[in-house]
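Notes follow the structure.
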Amino acid sequence: MALYRLILFFFVLSLLVPSLDASEGDTDPIYKACLDECEKSGCVGERCFQHCKFSSDGKPIDGPWYLQEPLYQKWKQWDCRSDCQYHCMLAREEQREKLGDKPVKYHGKWPFRRVYGIQEPVAVAFSALSLAMQFHGWLSFFILLNYKLPLRPNKRTYYEYTGLWHIYGILAMNFWLWSAVFHSRDVELTEKLDYSSAVALVGFGLILTILRVFNVRDEASRVMVAAPLIAIVTTHILYLNFYKLDYGLNMKVCTAMGVAQLVIWGVWTVVTSHPSRWKVWLFIVVDSLAVLFEIYDFPPYRGFVDAHAVRHAACIPITYICWSFVRDDAEFRTSTLLKKMK
Ligand SMILES: [Zn+2]
């Protein structure tokens, strides 16, 4: 089947793509020398940084005692070290580019160019657009159910998955918000919030997939499906936040839950006669292509657009297709139930 071939293809591809040393750039002797020099002098070439005039607790090193580093800068964790790392990285990458060398990672991250202090402006823009698209999709679903489709005598919707899709919409908007924050400024707190909300979203997506695909409608069965998955997701979030922020493990957990959803939906599109099943197919194809970008982790083009940013860009049409299917599904289920009642 095409879907299995696609998954096999990604798996083989992931084995073929050479795994880059996460910190090739920061072991470079020229970069290290620049960093040592910068932390002593507070300058890289002609450029000097005001943070290097303060010690790590915000007290001035050789200025008057009453001068303090502004609080908002301490919160953002912009200090001498991070300024030096950033500018030494840019200086080293410029040299490497002149020699025709490809960009390498520094401290596990690609060398991005900041814009107004925003670390990855393109990823932030795509996250913000995805957030807007999620809001639009969720709002149109809300309006359709409450104002366009008929309601039961007790004012509840005929569609049995309304509440679940509302939770999904809220978790998705929460994820895109923290994604935008994390890509603006990458510190431990924003990274934890981004990872945790991603796991919550993917985990809930899996629950929703199982409940919708297998038509689980009574409360007791829903609880039986959801409880173990909620337990796994909660444990994983606690592990990431309070034990170890393990990027590799998190990637595996999210990929496993994501692939499981794609496979379940993929099988469903083959066996169902749902009028909008082609939208689910489209969703699976675009989402699989997006995963391909995540695996083929290329460096940022001109210091701005890397594989992860492209993946976030792909989520904009994916979100649109997803909510378009959900609206169709709500209409389809409602009309089916009304026909049965007549
Ligand atoms: Zn991201």
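Kindly indicate whether any position in the stretch 265-278 is assigned by TED's automatic domain parsing to the domain that holds Gly163, part of a helix (DSSP H, G or I), under 18 Å from the mean Cα position of the chain (by Cα) and of a type in the set (Ser, Thr, Tyr). There is no residue in the stretch 265-278 that is assigned by TED's automatic domain parsing to the domain that holds Gly163, part of a helix (DSSP H, G or I), under 18 Å from the mean Cα position of the chain (by Cα) and of a type in the set (Ser, Thr, Tyr).
Gly205 satisfies every condition listed in (1) more than 16 Å from the ligand (Cβ to nearest atom); (2) outside the structural domain of Tyr243 (by TED's automatic domain parsing); (3) in contact (Cβ under 8 Å) with a residue 12 or more places away in the chain; (4) not hydroxyl-bearing (Ser, Thr, Tyr) except (2). Residues in the stretch 229-245 that are over 13 Å from Ser196 (Cβ atoms) and either among the acidic types (Asp, Glu) or touching a Ser or Thr at 6+ places or on another chain (Cβ under 6 Å) (or both): none. Among the listed residues Ala123, Ala91, which satisfies the condition of being closer than 23 Å to Phe298 by Cα, in a helix (DSSP H, G or I), within 20 Å of the chain's Cα centre (by Cα) and of a type in the set (A, V, I, L, M)? The match here is Ala123. When Leu171 is tested against (1) in a helix (DSSP H, G or I); (2) within 16 Å of the ligand (Cβ to nearest atom); (3) under 18 Å from Ala309 (Cβ atoms), only condition (3) is not met. When residues in the stretch 123-149 are screened for being in contact with a helix residue (DSSP H, G or I) (Cβ under 7 Å, 6 or more places away or on another chain) and modelled with pLDDT under 90, 1 of them pass.
So is Leu245 surrounded by fewer than 17 Cβ atoms within 10 Å (Cβ to Cβ), more than 30 Å from Thr336 (Cα to Cα) and of a type in the set (A, V, I, L, M, F, W, C) or not?
Judged against the criteria, Leu245 is a match.
Quick check on Arg152: is it more than 16 Å from the ligand (Cβ to nearest atom) and within 29 Å of Asn174 (Cα to Cα)?
Working: more than 16 Å from the ligand (Cβ to nearest atom): yes; within 29 Å of Asn174 (Cα to Cα): no.
So Arg152 fails the test.
The values are calculated or read from the model by the stated rules, or taken from the named source; none is laboratory data. None of these values were measured; they are calculated from a predicted model. Using ideal geometry, Cβ is built from the backbone for each residue, glycine included, and neighbour counts are taken over all protein chains shown.
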